[in-house]
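See structure below.
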Amino acid sequence: MTAITAHNPLRVGIVGTGGISRIHAENIARLDGRARIVAATDIDAERVRDFVETWNVDTGYPSLDAMLASEDLDIVHLCSPPGLHKEQAIAALSKGINVLSEKPPALSLADMDEIAAAEQAHGAQFATVSQHRFGGRAQWLRDRVQDGALGRALTAVCNTLWYRPDAYFEVPWRGNWNIEGGGPTMGHGIHQMDTMLSLLGDWHEVVAVAARSSRPVETEDISHAIVTLDSGAVVSVVNSLVSARETSYLRFDFEYATVELEHLYGYSDDSWTITPAPGYEDRVAEAWKLGPHGIGSGHAAQFAAIIDAIEADEPLPVRLSSARGTLELIAGIYASAFTGARIRRGELDASSPFYRSMEGSGAPWAAELQKASASGV
Ligand SMILES: NC(=O)c1ccc[n+]([C@@H]2O[C@H](COP(=O)([O-])OP(=O)(O)OC[C@H]3O[C@@H](n4cnc5c(N)ncnc54)[C@H](O)[C@@H]3O)[C@@H](O)[C@H]2O)c1
């Protein structure tokens, strides 16, 4: 492909003009004109009109089909509720248009495999938003894992301790299995788990517990998991929507240093700290000086990487093959929590109910919820 510049920008179509679409628009505006939103669609006419006016978009459409029929797009960004991602992705891929989907990319491993089949059939690519992989210090840590400067990763902590009041779940697609696809394990902790796996490598086995402690949801509002990685490192993962002192916290204990990242929805260099193990101070200080510096996490960094990949005719970053391990881990957490079993990576094949839905064979509290709803409580 020819150079993607302000004179020849990537032509983007936005699907769903709610909350996250604004982050997409703001971050596209930071790309020196290399991408332009030329079209947007939402089933809510007022929202799409407002989005088109605010972001100077050429045309708003009442449906994805209408947008795909009229526009010559390079990529569509799916900013719609998770339960729509698969069908909308397949609609765009089957027209040969690349897709960047907000997280989670799909509701299940089965849906992910259907998207992969559509990619193959139509020769277009599907990528997932995973903005925290793209900050400078995450790239730095990926490089240090590769070059071994900090030694082996021995253990890690991966916490998403967020707070969502009951009112948050009034949006009809939240808190249920068939549209949001899960609770904080699926919808919120996915960021931290994905970043952790992208740094430390694939997982091997998980054992987990999930609970519906207090929120008006069908899904869990808390999960705890112990994950063993292929490398042998053992990771504690906590996902919660009931934690008043909110934090997104990743801690990596390597042989020669502890590296910590604490933020909420996005990080800068200042969000990271390093503590050398005794005797390794000089070696760790040298490693810490290496770049890249000054790149915060956020959608703009991932969008820029996508444009570079399209320009270079390379695979998009965070394709399905790269995101699948994270969705498999999420399915593994639910499968372990709901059945009491230890789950190995690769075990959740088409014969497992957890392949088709994160709810799988059913949450332990499902019967109680059904009884309560039948009695009108
Ligand atoms: N990457 C992140 O940090 C991040 C943060 C927040 C949300 N998200 C993800 O973004 C997605 C959207 O979340 P949100 O908070 O913006 O939700 P939202 O409810 O604010 O917006 C979703 C929009 O999609 C529209 N929509 C519904 N059906 C549609 C259809 N058939 N065609 C087109 N539009 C349709 C709705 O009318 C709404 O305007 C979710 O997958 C969510 O998990 C990601």
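Read the figures in this text as sums done on the coordinates, not as results from a lab. Remember, predicted model here, so these are calculated numbers, not experimental data. Glycine gets a Cβ as well: all are built from the backbone with ideal geometry, and neighbour counts include every protein chain shown.
Could you work out the relative contact order of segment 215-297, using alpha carbon pairs under 8 angstrom and six or more residues apart, expressed as a whole percent? Before the final figure, lay out the partial values.
Working: 100 pairs, mean separation 15.7, N = 83.
19 percent.
Given Cβ point charges of +1 (Lys, Arg) and -1 (Asp, Glu) and nothing else, what value in debye, to the nearest 20, does the dipole of the chain about its Cα centre take?
Value, rounded to 20: 460 debye.
Once you sort the root eigenvalues of the Cα gyration tensor of the chain as a ≥ b ≥ c, which label holds: rounded (a/c under 1.5), prolate (a/b larger than b/c) or oblate (the other case)?
Numbers: a/c = 1.67, a/b = 1.10, b/c = 1.52.
It is oblate, given that a/c is not under 1.5 and a/b is not larger than b/c.
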Residue list for segment 292-336, given a label point 7 angstrom along the Cα-to-Cβ vector of A367 and an amide N cut-off under 14 Å: none
Under 16 Å Cα to Cα from K103, which lysines show up? Leave out anything in the same chain fewer than 8 places away. K86
Could you work out the relative contact order of the chain, using alpha carbon pairs under 8 angstrom and six or more residues apart, expressed as a whole percent? 17 percent
Would you be so kind as to identify which of T2, S80, V38 lies farthest towards the positive end of the dipole of segment 1-97, taking Lys and Arg as +1 and Asp and Glu as -1 on Cβ and the Cα centre as origin? T2
Quickly work out the V157-to-E87 label distance, labels modelled 7 Å from Cα along the C-beta direction, and quote it in nm with one decimal. 4.3 nm
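Using only alpha carbons, build the gyration tensor for segment 245-329 and give me the equivalent ellipsoid semi-axes, biggest first, whole Å.
Values for segment 245-329, descending: 28, 17, 15 Å.
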Once the dipole of the chain is set up with Lys and Arg at +1 and Asp and Glu at -1 on Cβ about the Cα centre, which of A323, W162, S94 lies farthest towards its positive end? W162
Evaluated at 20 °C with a viscosity of 1.002 mPa s, what Stokes-Einstein diffusion coefficient in µm²/s does segment 286-349 have when Rh comes from the Kirkwood expression over alpha-carbon pairs? 142 µm²/s
Show me, bin by bin at 10 Å from 0, the whole-percent P(r) of segment 311-377 based on Cα pairs. 19, 36, 22, 15, 6, 2
Given the Cα-Cα distance of T59 and D308 and 0.36 nm per residue of separation, how much length would full extension add, in nm? 87.0 nm
Give the span of segment 177-243's Cα atoms along each principal axis, as three whole-Å numbers ordered largest to smallest. 39, 21, 20
About the Cα centre, charge dipole magnitude for segment 205-317 (Lys/Arg +1, Asp/Glu -1 at Cβ), debye: 480 debye
Can you list, bin by bin at 5 Å, the percent of alpha carbon pairs in segment 74-161, starting at 0? 3, 13, 19, 17, 12, 11, 13, 9, 3, 0
At q = 0.13, 0.14, 0.22 Å⁻¹, what is the base-10 log of I(q)/I(0) for segment 1-137 according to the Debye formula with one equal point scatterer per Cα and no solvent? Please give it to two decimals. -0.53, -0.61, -1.45
With -39,500 (n - 2.57) per DSSP H segment of 4 or more residues and division by the full residue count of the chain, the 222 nm estimate, nearest 500 deg cm²/dmol, is -10500 deg cm²/dmol
If unit charges are put on Cβ atoms (+1 for Lys and Arg, -1 for Asp and Glu) and the dipole of segment 165-292 is taken about its Cα centre, the option from L200, A277, H188 lying farthest towards the positive end turns out to be H188
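Per the Kirkwood treatment, what hydrodynamic radius in Å, one decimal, follows for segment 1-82 from the mean inverse distance over all distinct Cα pairs? The partial results should precede the final answer.
Values: mean 1/r = 0.0794 Å⁻¹.
Computed over segment 1-82, the radius equals 12.6 Å.
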Below 18 Å, Cα to Cα, which aspartates and glutamates can K95 reach? Residues fewer than 8 away in the same chain don't count. D65, E71, D72, D74, E87, E114, E119
Given charges at beta-carbon only (K, R positive; D, E negative), |dipole| of segment 221-276 in Debye: 160 debye
Distant-in-sequence amide H partners of V129 (H built 1.01 Å from N, under 5 Å): S101, E102, K103
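Out of all DSSP beta bridges with both ends in the chain, state the antiparallel percent to the nearest 5. Write out the running numbers ahead of the final one.
On the way: 39 of 66 bridges.
Percent antiparallel among DSSP bridges in the chain is about 60.
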